[in-house]
Amino acid sequence: MDIHELSLFTNTRYAPRVRLRLPLCRLYSSTEVRRGLGRYVTSRLQWANSKYEAFLKRRFPRFYQLYHTFVEGFKLLFSDIKEVRRIKTKMYSGGVEFRNLPYREMEKLRQFRRNMIKAIPLVVISAPPFANYLVFVMMYFFPRQLLIPHFWTPKQHLEFRALYNSLRAQHHRPVLTELERSSVLIKNAPLMSRLKDLCVKVQGGANPKVSEVLAVRTLFSGPPLVLERLGLEHMRHISHLLFLTPRLPGFLIRRRLNRHALELLQLDRALSRLGMHQLSDSELRQACYVRGLGADQLSVDQCRAWLSQWLQISSALKDSEVSLILHNMVFLSANYPRALGHSH
């Protein structure tokens, strides 16, 4: 049989069989089969996980609460990572600056940066197999010190925020004392008198009026109350108001305070553009808390009234007056909601 006959023989007798086999090979390696297998494996894992959770909930309810908080916390964390990536992409591709972002996106970035400082060690620790049990131990014994709010229970949220606010309140009077000490260096006698009256009023348990705070605003754009001229102890007390560590060299504390104050001013401007009435109750309380007020025990109307006063002041300020934003955390928060009759 020559080559021509062999070719003819192959084309006539075996070609049909080859054409039948090729579709079968493509069928068994198709994307549909792989997806079906993936769905089957996923469903079995979900079934096993639900059985495991049911067992924990029935036999070890306290451990189950930690486990559930841990799982939900990581879901929230990865959801935040996805959202922040979207915002960053929007900023880089569209040339959008932080100060021009919508309020909720701006607040998401601000809070995410603060959370990640504490979250990164937690993610690294929980990465190795079975290391998440070490995280459970941390969650049980040191939840406030080591974990970000994503991994707190609802009860812990209320307890820890109340504790943080009480720690912050301990620095209200020292900040006012530092202001009084600095006031003797003010050359404008009428403004010096107004500042002293404002400090005395707050120390006496009253809430200042918006007009009384704005009356001294120009003092915070120059010496001795501009941020660049504040004393070290003064800045350390203010750092506690923002939950920033005061155990840093003076130039670093000053830089961090300036960055956070400008960020807060930009956040206020974005909130004014959005409209305070657009905030949910939880967003409203969070906005008050960020600005120095422990709002969890206050009514929604009290929170809204306080935030309205804050925005009236911040909306009148220039970037050069951000020092007043930091001191406003004491002026408006120290006695609220007590002595409400003095506030308007």
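The values are calculated or read from the model by the stated rules, or taken from the named source; none is laboratory data. Predicted model, so just to flag it, every value in this text is computed and none were measured. Quick reminder, even Gly has a Cβ in these numbers, built from the backbone with ideal geometry, and neighbours come from all protein chains shown. The area values use the complete protein model at the heavy-atom level, side chains included, leaving out ligands, DNA and RNA. Shrake-Rupley method; radii C 1.70, N 1.55, O 1.52, S 1.80 Å.
Return yes when residue 287 is part of a loop (DSSP other than H, G, I, E, B), over 21 Å from residue 201 (Cα atoms), out of contact with any Pro (no Cβ under 6 Å at 6 or more places or on another chain) and open to solvent by less than 10 Å² (accessible area, probe 1.4 Å) and no when it is not. Write out each step before concluding.
Details: part of a loop (DSSP other than H, G, I, E, B): no; over 21 Å from residue 201 (Cα atoms): yes; out of contact with any Pro (no Cβ under 6 Å at 6 or more places or on another chain): yes; open to solvent by less than 10 Å² (accessible area, probe 1.4 Å): yes.
Here the answer is no, as residue 287 does not meet what is asked.
Go through segment 183-215 residue by residue and tally those that are among the β-branched types (Val, Ile, Thr) and touching a residue at least 60 places away in the same chain (Cβ under 8 Å). Don't jump to the end; show me each part of the working.
Of segment 183-215, the ones among the β-branched types (Val, Ile, Thr) are 184, 186, 200, 202, 210, 213.
Pick out the ones that are also touching a residue at least 60 places away in the same chain (Cβ under 8 Å) and you get 202, 210, 213.
Matching residues across segment 183-215 total 3.
At least 3 residues that are open to solvent by 70 Å² or more (accessible area, probe 1.4 Å) in each: list the helices (runs of 4 or more DSSP H) lying fully within segment 138-218 that qualify.
Working: elements: 143-146, 154-169, 172-183, 189-203, 210-214.
Correct list: 154-169, 189-203.
Mind telling me which of the residues 315, 299 ends up being open to solvent by 10 Å² or more (accessible area, probe 1.4 Å), outside the structural domain of residue 113 (by the TED database) and farther than 22 Å from residue 98 by Cα? Break it down into steps so the answer makes sense when it comes.
On the way: 315 fails: farther than 22 Å from residue 98 by Cα.
Of the residues listed, the single one that is open to solvent by 10 Å² or more (accessible area, probe 1.4 Å), outside the structural domain of residue 113 (by the TED database) and farther than 22 Å from residue 98 by Cα is 299.
Go through segment 230-248 residue by residue and tally those that are at pLDDT 95 or above and either open to solvent by 60 Å² or more (accessible area, probe 1.4 Å) or polar (S, T, N, Q) (or both).
So the answer is 5.
In segment 91-103, what residues are open to solvent by 50 Å² or more (accessible area, probe 1.4 Å) and either in contact (Cβ under 8 Å) with a residue 12 or more places away in the chain or assigned to a loop (DSSP other than H, G, I, E, B) (or both)?
The first filter runs over segment 91-103 and keeps only residues open to solvent by 50 Å² or more (accessible area, probe 1.4 Å), leaving 92-95, 97, 99-100, 102.
Within segment 91-103, 95, 97, 99, 102 qualify.
Residue 239 is checked against (1) in a helix (DSSP H, G or I); (2) within 24 Å of residue 195 (Cα to Cα); (3) touching a residue at least 40 places away in the same chain (Cβ under 8 Å) and fails just one. What number does that condition carry?
(3)
Checking residue 98 against (1) at pLDDT 75 or above; (2) under 29 Å from residue 145 (Cβ atoms), only one condition comes out false. Which one?
(2)
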